[in-house]
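Visitor: Below: one structure in structure tokens.
The values are calculated or read from the model by the stated rules, or taken from the named source; none is laboratory data. This one's a predicted model, so the numbers in the text were calculated from it and none came from an experiment. As a convention, Cβ positions derive from the backbone with ideal geometry for all residues, glycine included, and neighbour counts pool all protein chains shown.
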Amino acid sequence: MKRKPLAVGNVYVFPNYPKSRFIVKYICFPDTPNYDGGFPGVSLKWIGLSKSSYFYPFNCEKSFWEDFLFRNAVSK
């Protein structure tokens, strides 16, 4: 599985669902420079089917990629 590390602006797709993809808008993990002590997580904008933006609470990138929703995503 080819996947770039999470970074603002990166686009990820799901191999069997090409119309379902997302772009990373904001990352706020405790080990990142922009962490302000608040709720850690990742903000994503879905591209294709829903076109909505959501914040997903995660403590680190590893837990993000282990989540059922995102574990099959690959870099576009």
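Visitor: Picking from 30, 5, 18, which residue would you name as being at negative phi, loosely packed, with under 12 Cβ neighbours inside 10 Å and touching a residue at least 40 places away in the same chain (Cβ under 8 Å)?
Guide: 5
Visitor: In addition: Restricting the search to the stretch 45-60, which residues are surrounded by 14 or more Cβ atoms within 10 Å (Cβ to Cβ) and either of a type in the set (Lys, Arg) or touching a Lys or Arg at 6+ places or on another chain (Cβ under 6 Å) (or both)?
Guide: 45, 47
Visitor: While we're here: How many of the residues in the stretch 23-46 are under 17 Å from residue 63 (Cβ atoms) and either out of contact with any strand residue (DSSP E or B) (no Cβ under 8 Å at 6 or more places or on another chain) or among the hydrophobic types (A, V, I, L, M, F, W, C) (or both)?
Guide: Looking only at that region, the number is 10.
Visitor: Could you tell me whether residue 17 is out of contact with any Pro (no Cβ under 7 Å at 6 or more places or on another chain) and at pLDDT 95 or above?
Guide: no
Here's the yes/no breakdown for (1) free of Cβ contacts under 8 Å to residues at least 40 places away in the same chain; (2) out of contact with any Cys (no Cβ under 7 Å at 6 or more places or on another chain):
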{"position": "34", "(1), (2)": "yes, no"}
{"position": "37", "(1), (2)": "yes, yes"}
{"position": "40", "(1), (2)": "yes, no"}
{"position": "45", "(1), (2)": "yes, yes"}
{"position": "50", "(1), (2)": "yes, yes"}
{"position": "53", "(1), (2)": "yes, yes"}
{"position": "59", "(1), (2)": "yes, yes"}
{"position": "68", "(1), (2)": "yes, yes"}
{"position": "76", "(1), (2)": "no, yes"}
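Visitor: Right, something else. Starting from residues that are under 13 Å from residue 70 (Cβ atoms) and among the hydrophobic types (A, V, I, L, M, F, W, C), keep the ones in the stretch 28-52 and report whichever is modelled with the lowest pLDDT.
Guide: Looking at the filtered set, the residue picked out is 46.
Visitor: Condition first: β-branched (Val, Ile, Thr), out of contact with any Phe, Trp or Tyr (no Cβ under 8 Å at 6 or more places or on another chain) and farther than 13 Å from residue 76 by Cα. Now tell me which residues in the stretch 1-47 satisfy that.
Guide: 27, 32
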